[in-house]
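This report refers to the structure that appears directly beneath it.
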Amino acid sequence: MNICSSRRARFLFLTSVTVLASILLPNATASAQSSTLEALAKMREAWVQDLRTKQLEPILKLYAPDAAFLQPNGERITGPAALRTLFQTIMSTFNSDLALHSQNLETSGDLAYDSGDFQENLTIIATGAKITSKGSYVTIFKRQPSGSWQIVQQVWTGTPPPGT
């Protein structure tokens, strides 16, 4: 085999490897991203279900230790103790029939966001009065060193129901 044939063979080999990598690696990346999006969508649904069924500990585990919850009135609630108090108050005051309608769920590296609209039918436990609330939400997730995702920021917009 002469030098020209050897170079040609290496060139063809490297070209083949490059083409195969460009075909196979995007599929692996797309599959991993699809898996991540499915996991985040399941987290969103678990959050809603935990709120509806008043599961305080499971809902709190979805938040990072330094997470912030921004209420429609602009109040920023930060940290585990404050989030615990917020959710204890919500769960002891209301029965919720929250529905989230995600419009965008995307990831980039170790960050992800879920943005959409919500409608919530609340029943005040003490009186049985019904309240309807609607608006928009954004939830920002961060991949933790363990590989799991947690909520780091959550923002709710809209008109807060009377009495909240």
- Item | Within the stretch 129-154: backbone nitrogen closer than 17 Å to the SER108 label point (7 Å, Cα to C-beta) | 138-143, 152-153
- Would you kindly derive the ³J(HN,Hα) couplings of the stretch 99-105 from the backbone phi angles with the Karplus curve 6.51 cos²θ - 1.76 cosθ + 1.60 (θ = phi - 60°), listing them in order in whole Hz, with x for Gly and Pro? 10, 9, 10, 5, 9, 9, 9
- Item | Contact order relative to length of the stretch 37-158, as percent, for alpha carbon pairs under 8 angstrom and 6 or more apart | 24
- With all pairs of different alpha carbon atoms counted, what Kirkwood hydrodynamic radius in Å does the stretch 63-116 show? 13.3
- Item | Set of aspartates and glutamates near LYS130 by C-alpha distance (under 14 Å), chain-local residues within fewer than 8 positions excluded | ASP97, GLU120
- Which of the lysines could a cross-linker span from LYS42 if the Cα-Cα distance has to be under 23 Å and same-chain partners fewer than 8 positions apart are dropped? LYS54, LYS61, LYS134, LYS142
- Item | Electrostatic dipole magnitude of the stretch 37-158 [Cβ: Lys, Arg +1; Asp, Glu -1; Cα centre; debye, to 20] | 240
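We did not get these values from a lab; they are worked out from the coordinates using the rules stated. Keep in mind that what you see is a predicted model, and the values were worked out from it rather than measured. Positions of Cβ are generated from backbone atoms using ideal geometry, with glycine treated the same way; all protein chains shown enter the neighbour counts.
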